[in-house]
Every structure is written in C-alpha cells, then in structure tokens.
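The structure appears right after this line, and notes come after that.
The values are calculated or read from the model by the stated rules, or taken from the named source; none is laboratory data. Remember, predicted model here, so these are calculated numbers, not experimental data. Accessible surface areas use protein heavy atoms only, side chains included; no ligands, DNA or RNA. Shrake-Rupley method; radii C 1.70, N 1.55, O 1.52, S 1.80 Å.
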Amino acid sequence: MQLDVGKILEGKVTGITNFGAFVDLGEGKTGMVHISEISNGYVKEISDHLKEGDQVKVKVLKVGDDGKISLSIKQAQPKPDAPPSGNRQTQRPRSGGPRNFDRPKNNAPMSFEDMLNKFKQSSEEKMSDIKRNMDGKRGSSYSRRGNRS
C-alpha cells in the first residue's frame, strides 16, 4: 500500500495514550493520531472520543524518513460550517469588549454614536471610581521610613 500525504484511509484504533491514538492501517503499517488531531473541539481525554477497536477514517499528514506516520481524524471529516466572516451577530463577543449598553426596549439597533456615548459614560464612571480609590490610599499619614507624624 502506498501512503501518500493527503490520502484518506480507514484504520482500526489499536492503542490509546495520553498524547494520541495508534491506528492500524493494514499491511503491517501503524500511524499515530496526535491528541490535537482527534476532534475539531477541545479533547481533554482521548477515551471520551475513541476506544480500542474503533474503525476510523484518517488523513495521512506526514510520512517521516524514519517510517513514522502522522495521521489526523479531524482533517478526514467534512469541515464544519463556519459562520460568515462579515456577520458579527453569530460570533461570540470578546470578553472585556463592548456590550449592548442598555439597548432600547424595542430592540432597535443603537447607532454607533449612541453606543460610543454609552461607552464613554461607563468609562468615565469607572475612571472616577479608580481615582477615588487611589486618592484614599495616597492620603495615608503612615510612612514606611519610620517617620510618623
């Protein structure tokens, strides 16, 4: 059997380790699927996704000079539908980023200027709180040098 990079084959899981799974490709050839190539999602435990004896489709990623065969299960599967790149509604908001800032009751979209004004107001409130806290810490009459007033 010729193992070409990019070829999709079927194999049987023969062993599972904490870093990947070994797959028997037949004709005495065995390859390894790294934990990062098992699923499109996060894989904490390989045993949650695979068991010894499972039949899997794999894609050949690399055949090393030393005979080691690198395989991928996730690349052998059809690509999941990606959200359209221009549609911000379907993307998850970044943490710490702008929020809806009291969107009007009728769910009408706010104008950019309205969102900017809400953001500035919120920022100014947070900055005044920070300044108030800092001023309270600076006004202490205690000195580390031992000079007490």
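Things to note:
- For the stretch 1-67, the solvent-accessible area works out to 63 Å² per residue, with a probe of 1.4 Å and every protein chain left in place.
- 19 Å Cα-Cα threshold exceeded, pairs from Lys12/Lys59; Lys44/Lys74; Lys12/Lys44; Lys44/Lys79; Lys59/Lys79: Lys12/Lys44; Lys44/Lys79
- Note on Ser122: accessible area is roughly 30 Å² with a 1.4 Å probe, heavy atoms of protein only.
- Heavy-atom accessible area ranking, 1.4 Å probe, most first, across Glu27, Glu125: Glu27, Glu125
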